[in-house]
Amino acid sequence: EDQVTQSPEALRLQEGESSSLNCSYTVSGLRGLFWYRQDPGKGPEFLFTLYSAGEEKEKERLKATLTKKESFLHITAPKPEDSATYLCAVQGFNTNAGKSTFGDGTTLTVKP
Amino acid sequence: GAVVSQHPSRVICKSGTSVKIECRSLDFQATTMFWYRQFPKKSLMLMATSNEGSKATYEQGVEKDKFLINHASLTLSTLTVTSAHPEDSSFYICSATQGSPGQPQHFGDGTRLSIL
């Protein structure tokens, strides 16, 4: 069974203070690892897909990296508008129909 | 691209009422759609997987007679909460995927259901 563990559960940063969120996973053959951002009262918004170890993706202040066991979401010089819950999910080869296993998320708060 | 629209965004109704929630993929064909329930400050709980033209696959513990799912076309899936009770109050979110392996899910904005 695929498993995803995210840490920390909550992270509070000052504006401009860079940090990283961790997503550890176990999967029998990785089809894809996904990062999403969820604002309160909204559905998750897709950010990145990573497919193989060593791959990196960037978008504005966010960079996602992938190893064989974990993924990091690096946030550089965050702003208050980056405050949200960040979800990590994996899709394995043994999973049917595009189903993903989600972590519990990291809630990021960036103070001005 | 990859926009999913969910409607309504909020429903308040009396106990015993049935409520229908629609999920539409606006700019792509969604072979597979998913329905989730999310409790406050908790992660997504998958309720069922819906494939166009076939019966939905429900997760263990989800009552299929209570939560009726229909995926009649490649752009529309509906969730009907039948004879809703206060314990069914929750945030329901749908997602859609283009179906190829390794594709991400694209989510609607959710429906806040409150049963009085």
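A short reminder: the numbers here are calculations on the coordinates, not readings from a lab. These numbers were taken from a predicted model, which means no experiment stands behind them. A quick note on method: Cβ atoms are made from the backbone with ideal geometry, for glycine too, and the neighbour counts reach across all protein chains shown.
Structure data summary
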item: Test: residue in the stretch B:63-73 that is of a type in the set (Lys, Arg), within 14 Å of chain A (Cβ to nearest Cβ) and surrounded by fewer than 17 Cβ atoms within 10 Å (Cβ to Cβ); result: no
item: Any chance A:VAL110 is of a type in the set (Val, Ile, Thr), under 20 Å from B:LYS41 (Cα atoms) and touching a strand residue (DSSP E or B) at 6+ places or on another chain (Cβ under 8 Å); result: yes
item: Selection status of A:SER24, loosely packed, with under 13 Cβ neighbours inside 10 Å and of a type in the set (Ser, Thr, Tyr); result: no
item: Residue list for the stretch B:31-54, filter: surrounded by fewer than 17 Cβ atoms within 10 Å (Cβ to Cβ) and assigned to a strand (DSSP E or B); result: B:MET45
item: Candidate set: the stretch A:17-37, residues that are of a type outside the set (D, E, K, R) and part of a loop (DSSP other than H, G, I, E, B); chosen: the one farthest from the other protein chains (Cβ to nearest Cβ); result: A:SER18
item: Conditions (1) of a type in the set (Val, Ile, Thr); (2) more than 8 Å from chain A (Cβ to nearest Cβ); (3) surrounded by 21 or more Cβ atoms within 10 Å (Cβ to Cβ); number of the one not met by B:THR78; result: (3)
item: Unmet criterion (only one of (1) closer than 18 Å to A:PRO44 by Cβ; (2) in a strand (DSSP E or B)) for B:PHE28; result: (2)
item: Only one of B:SER43, B:SER89 that is polar (S, T, N, Q) and in contact (Cβ under 8 Å) with a residue 24 or more places away in the chain; result: B:SER89
item: Selection from the stretch A:5-20 of residues that are among the aliphatic types (A, V, I, L, M) and under 8 Å from A:VAL110 (Cβ atoms); result: A:LEU13
item: Number of positions in the stretch B:92-103 that are within 7 Å of chain A (Cβ to nearest Cβ), in contact (Cβ under 8 Å) with a residue 60 or more places away in the chain, in contact with a Ser or Thr (Cβ under 7 Å, 6 or more places away or on another chain) and not hydroxyl-bearing (Ser, Thr, Tyr); result: 1
item: Considering residues of the stretch B:14-30 that are of a type in the set (Gly, Ala, Ser) and more than 12 Å from chain A (Cβ to nearest Cβ) only, the residue surrounded by the most Cβ atoms within 10 Å (Cβ to Cβ); result: B:SER25
item: All strands (runs of 3 or more DSSP E) inside the stretch A:38-89 with 1 or more residues being closer than 26 Å to B:GLY110 by Cα and either within 12 Å of chain B (Cβ to nearest Cβ) or among the hydrophobic types (A, V, I, L, M, F, W, C) (or both); result: A:45-50, A:62-66, A:70-75
